[in-house]
Each structure stands twice: as structure tokens, then as C-alpha cells.
Amino acid sequence: MRAAVVSIAAALAMSLLADTACAYDPAGHQRASVPGRAPSPISVPLDAPSRATLQRHPVPAPGDGRTLQCEGVALSALLQASGAMPDAPLDAVHLDRYVLVTARTGDRVVFSLGELDPTLGNRPVYLLDRCDGAPLDDDGPLRLLVVGDTRPARSLYRIDAITVVAAP
């Protein structure tokens, strides 16, 4: 009887470990999994209704040799609203995650979640949808703007996807 109980307990433990200790991401990388941790990858919705409830910010942006008066939402707020980034200050289990922003042109940029977290890096990054009172035309419908970068290499136009991924 004791051997049967030990066998059942061992089988349950192995089953639990198989469910929580190891997972595979879509690229086939094996990674440790932590119960209660957000899945990876997380696709962040970019549609107007997903952004409509978020606070809008006026953001001056360079364009065509002049400064445009643009507006949009903070990337960190969009990530939090979609569940891709916790509302609370990040801790170690979140610091292996990165944000991949992709444009229709094929250009991509990456940010760490820690860089965007208001309590850590607090990097001001915005997803703009209007400039000088009008929706973005050929540069839109969405533009990424990283405030404070010495040159605008990470400020992409024509954003079509934002994904939060746990590093392999």
C-alpha cells in the first residue's frame, strides 16, 4: 500500500512538473515556466477602441524640418491595458520580457519592459495617431515616437504590430 501511495504521489509530482517546469514558445525554444506568469508571446491590440480608453498625451514630434504637434497614448499604458505588462512595478519575473514593435516597412525596434516601466527606466515612448489636428496619412495610421533619443532611429512609422515576448 505504501508503495502505491508513493507511486501515485510521484506520478502527480511529475505531472505537475511537466505542466509548470517546461514550456515551448512558438519558435520552438524551451524555457522554464512560472505558474501565474503571463504567456509569451502576447500580441498587443492596436485598434482604435483599445486605445480609446487610455489617457492621450500631446507630444511634439520632428517632421519635414519642423516640429509637429502630435498626440497619442503612452506605450506603457497600452501594454498595461492589454495585460502584456503589469500595472504594479515590475519584478524579476518580468524583466526577461521585451517589446517588439514592427512596421509595415519591415523595420523593427525592441525595448525591454524594464526600460518602459514607469518605476524603472521610465522611457517616454508614445504611439501617435494624430499630428497637427489630423489623423496620420501616409505615415500612419500609427507612429512610434521615443522621446529623448538623440536621433530618431527608433521612431518608426506605419506601425502594424506590437508583441511582448519572454526572452529565450
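What follows draws every value from the coordinates through simple rules; no lab data is involved. In this text, all values refer to a predicted model and were calculated from it rather than measured experimentally. Cβ placement follows ideal geometry from the backbone for every residue including glycine, while neighbour counts extend to all protein chains displayed.
Brief remarks follow.
- For the stretch 120-160: rounded, prolate or oblate by the Cα gyration tensor [a/c cutoff 1.5]: prolate
- In sequence order, calculated HN-Hα J values of the stretch 88-98 (Karplus, 6.51, -1.76, 1.60; Hz; x Gly/Pro): 7, x, 5, 10, 4, 5, 9, 7, 9, 9, 10
- Report note on the peptides 133-145, 46-58: ranked by the mean count of other C-beta atoms within 10 Å, highest first, their order is 133-145, 46-58.
- Amide H contacts for Ser112 (H built 1.01 Å from N in the peptide plane; partners 5 or more residues away or on another chain; cut-off under 5 Å): Val99.
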